[in-house]
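Following: one structure in structure tokens, then a few remarks.
The values are calculated or read from the model by the stated rules, or taken from the named source; none is laboratory data. Given the structure is predicted, the values throughout are model-derived calculations rather than measurements. Quick reminder, even Gly has a Cβ in these numbers, built from the backbone with ideal geometry, and neighbours come from all protein chains shown. In case anyone asks, the SASA skips ligands and DNA or RNA and just uses the protein heavy atoms, side chains included. Shrake-Rupley method; radii C 1.70, N 1.55, O 1.52, S 1.80 Å.
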Amino acid sequence: MPQIYNFSAGPAALPQAVMEQAQAEFLNWQGKGISAMEISHRHPWFMAMAEQAERDLRELLAIPSNYKVLFLAGGASFQFAMVPMNLLRGKNTADYINTGIWSQKAINEAKRYCKVNVAASSESSQFNSIPDFNEWQLNPQAAYVHYVANETISGLEFNGIPNTADVPLVSDMSSNILSTSIEVNRFGLIYAGAQKNIGPSGLSILIVREDLLGDVLPFTPSLYNYQIQAENNSMYNTPPTYAWYIAGLVFAWLKKQGGLSVMAERNQRKAAKLYQYIDQSDCYFNTIDPRYRSNMNVTFRMRQAELEPQFIQEAEQAGLFALKGHKLAGGGMRASIYNAMPEEGVDRLIEFMHDFQQAQL
Ligand SMILES: *Cc1c(COP(=O)(O)O)cnc(C)c1O
């Protein structure tokens, strides 16, 4: 079989070394004679693994001790409802920044629970940019300010953290968490679905400041209540145990790579060379404001749009998987190059783009 590079946006490629370890110990986990998939979440062996995963994540992101880390079932979309349920805290309005499809989904869900003030939007520029912080119409009475740190579908990423004074900042970091270090203490809540840059789907990770917990909307289901989940170490019911285990292997792998500063450098280099190739080409182009181009999801189109289906098909035959862009972004191509994508995968893609262009001449 030729070397495959998987550019899927999510569920996405996992580090090869993690997959190999999971395979090697699938039937006999740490010499225990059973699989990590078939052990109770209450068993001391599982608890030890779960605690180690949290310790490693805390170390990677330098999470301060006044933050709880939650490992919850369900994707990031669950948080579109859980955030207002948990964080309105007696207020009836929240600020949202609208930078694309995932922002809009979060906004539409939040509208069921509170008054949403869209404090800034890049809709008028087809979501190709991020509104300047000093133009945001923030409401000092808002319960929180929500933004999507990386719009996975269009490939648009914040390059800094907004300042919201005393209003807690909430960020959906599903597709760029762990790609670089972040100042966790600037946030009230960070949440991320696992299937982009952490592990398998079905798991979400939350990092939430303790003092925000406890004042939930009255009808909030217990399982949706951050405080109840925190008090029960994310084991109020059965958590997605195998996804948690794989996430733990990914955290250990990240530490072994040298941590997030090493990953950030690698991610920066991978994205820069791909954008550089696109920019110098007269065949491919990218429409995102260069200040906010995503290091994780690189979107591109062809000047001859009618060639795009052929590009995607031939790329797949060449072992470059899942390069088709999202239909809500108008199609085209998208290369998702999360932590698990080795630099050779990006080199291989650039080579293919070059060869494809040559073949059209
Ligand atoms: C993928 C994604 C989601 C949705 O994740 P689900 O697990 O499908 O709910 C939300 N926000 C962002 C930024 C994403 O990339």
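Exactly one of these conditions fails for TYR147: (1) open to solvent by 20 Å² or more (accessible area, probe 1.4 Å); (2) within 16 Å of the ligand (Cβ to nearest atom); (3) aromatic (Phe, Trp, Tyr). Give me its number.
Failing condition for TYR147: (1).
Test of understanding: among SER201, SER174, which residue is under 20 Å from ALA94 (Cβ atoms) and hydroxyl-bearing (Ser, Thr, Tyr)?
SER174
Condition check: closer than 27 Å to TYR67 by Cα, surrounded by 15 or more Cβ atoms within 10 Å (Cβ to Cβ) and among the hydrophobic types (A, V, I, L, M, F, W, C). Does PHE158 satisfy that?
The answer is yes for PHE158.
For segment 327-361, give me each residue that is touching a Ser or Thr at 6+ places or on another chain (Cβ under 9 Å), over 18 Å from MET296 (Cβ atoms) and either open to solvent by less than 10 Å² (accessible area, probe 1.4 Å) or outside any helix (DSSP H, G or I) (or both).
Matches in segment 327-361: MET353 only.
Is it the case that THR299 is of a type outside the set (D, E, K, R), on the phi < 0 side of the Ramachandran plot and part of a loop (DSSP other than H, G, I, E, B)?
no
Among the residues of segment 75-84, count how many are farther than 16 Å from ILE228 by Cβ and either open to solvent by 60 Å² or more (accessible area, probe 1.4 Å) or away from the ligand (no atom under 15 Å from the Cβ) (or both).
Number satisfying all stated conditions: 2.
Kindly provide the set of residues from segment 296-326 that are open to solvent by 70 Å² or more (accessible area, probe 1.4 Å) and within 27 Å of LEU178 (Cβ to Cβ), ordered by number.
Matches in segment 296-326: PHE321, LYS324.
Between a first residue in segment 56-77 that is farther than 20 Å from HIS146 by Cβ and a second residue that is within 11 Å of the ligand (Cβ to nearest atom), which pairs have beta carbons less than 8 Å apart while being 6 or more apart in sequence or on different chains?
Between residues of segment 56-77 that are farther than 20 Å from HIS146 by Cβ and residues that are within 11 Å of the ligand (Cβ to nearest atom), the close pairs are PHE71/LEU203; PHE71/SER204; ALA73/GLY202; ALA73/LEU203; ALA73/SER204.
Filter segment 15-37 for residues that are touching a helix residue (DSSP H, G or I) at 6+ places or on another chain (Cβ under 7 Å) and crowded, with 16+ Cβ neighbours inside 10 Å and give the result.
Hits for segment 15-37 are PRO15, VAL18, ALA22, TRP29, ALA36.
Kindly provide the set of residues from segment 38-74 that are in contact with a strand residue (DSSP E or B) (Cβ under 8 Å, 6 or more places away or on another chain), surrounded by fewer than 18 Cβ atoms within 10 Å (Cβ to Cβ) and not charged (D, E, K, R), ordered by number.
ASN66, ALA73, GLY74
Only one residue in SER204, SER222 is touching a residue at least 12 places away in the same chain (Cβ under 8 Å) and more than 16 Å from the ligand (Cβ to nearest atom). Which one?
Checking each option against the conditions leaves just SER222.
What about TYR236, is it within 16 Å of the ligand (Cβ to nearest atom) and more than 18 Å from the chain's Cα centre (by Cα)?
no
What about VAL184, is it open to solvent by less than 10 Å² (accessible area, probe 1.4 Å), among the β-branched types (Val, Ile, Thr), within 22 Å of the chain's Cα centre (by Cα) and within 16 Å of the ligand (Cβ to nearest atom)?
Against the criterion (open to solvent by less than 10 Å² (accessible area, probe 1.4 Å), among the β-branched types (Val, Ile, Thr), within 22 Å of the chain's Cα centre (by Cα) and within 16 Å of the ligand (Cβ to nearest atom)), VAL184 does not qualify.
Residue-by-condition table, conditions (1) polar (S, T, N, Q); (2) touching a Lys or Arg at 6+ places or on another chain (Cβ under 7 Å); (3) closer than 25 Å to MET82 by Cβ:
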residue: TRP102; (1), (2), (3): no, no, yes
residue: ALA106; (1), (2), (3): no, no, yes
residue: SER124; (1), (2), (3): yes, no, no
residue: TRP136; (1), (2), (3): no, no, yes
residue: ASN139; (1), (2), (3): yes, no, yes
residue: ALA149; (1), (2), (3): no, no, yes
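Hey, can you tell me all the residues within segment 85-138 that are open to solvent by less than 10 Å² (accessible area, probe 1.4 Å) and at positive phi?
If the condition is that a residue be open to solvent by less than 10 Å² (accessible area, probe 1.4 Å) and at positive phi, then GLY100 is the only one that fits.
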